[in-house]
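The values are calculated or read from the model by the stated rules, or taken from the named source; none is laboratory data. Remember, it's a predicted structure, so these values are computed and weren't measured experimentally. Counting neighbours? That spans all protein chains shown, and the Cβs are built from the backbone with ideal geometry, glycine included.
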Amino acid sequence: MESRRPHIAIVENDDAFGAALVRLLKAGGFETVLFPSAEQFLENAHLDDLACVVLDVHLPGASGFELLSRLRRDLLKIPVLLMTADDSPATRKRALGSECMDFLIKPFEATVLLGTLRRCVLPPDPTPNQGL
């Protein structure tokens, strides 16, 4: 029986960066869907199928913070990873005080993003390390 790959929604308005994230996550073993805005996400995402949302803070229309608040207000516990190029103290404080699973500053290493997502959505390996 083939295992199902986790579905990750990416909400990112920068087309080039969004496309790069899609390629990276697909290569990392995830199914992805890209949304250019919070509104597009809310209108089109199949929330029951999502393992996680990778969410830019600064979006046209509703911000990533506003989308995260809406998800939590609607009692949706989908893990959310926030990302932004704005490393200001105010943005960092707001992100760290939100109900996100993690917060990344752009640019970030691909291995950091993939590792964070794997810890969040993949079950732990049941085989103990045998020290080989």
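A few points about this structure:
- Among (1) under 19 Å from residue 108 (Cβ atoms); (2) touching a Phe, Trp or Tyr at 6+ places or on another chain (Cβ under 9 Å) - the single one residue 7 does not satisfy: (1)
- Residue list for segment 27-84, restricted to those being farther than 25 Å from residue 110 by Cα, polar (S, T, N, Q) and surrounded by 14 or more Cβ atoms within 10 Å (Cβ to Cβ): 40, 69
- Pairs are defined by a Cβ separation below 9 Å, a sequence spacing of at least 6 or placement on different chains, a first member in segment 105-120 that is within 15 Å of residue 55 (Cα to Cα) and without any contact (Cβ under 8 Å) to a residue 24 or more places away in the chain, and a second member that is part of a helix (DSSP H, G or I) and among the basic types (Lys, Arg); the pairs so defined are 105/92.
- Looking across segment 6-16 at every residue that is surrounded by 15 or more Cβ atoms within 10 Å (Cβ to Cβ) and either hydroxyl-bearing (Ser, Thr, Tyr) or outside any strand (DSSP E or B) (or both), the one that is modelled with the lowest pLDDT is identified as 6.
- Here residue 89 passes the criteria (1) over 13 Å from the mean Cα position of the chain (by Cα); (2) under 26 Å from residue 16 (Cα atoms); (3) modelled with pLDDT of 95 or more except the one numbered (2).
- Wholly enclosed strands (runs of 3 or more DSSP E) of segment 22-132 bearing at least 2 residues touching a Leu at 6+ places or on another chain (Cβ under 6 Å) and of a type in the set (S, T, N, Q): none
- Top-ranked residue in segment 92-113 [being over 15 Å from residue 20 (Cα atoms) and of a type in the set (D, E, K, R); ranked as farthest from the chain's Cα centre (by Cα)]: 93
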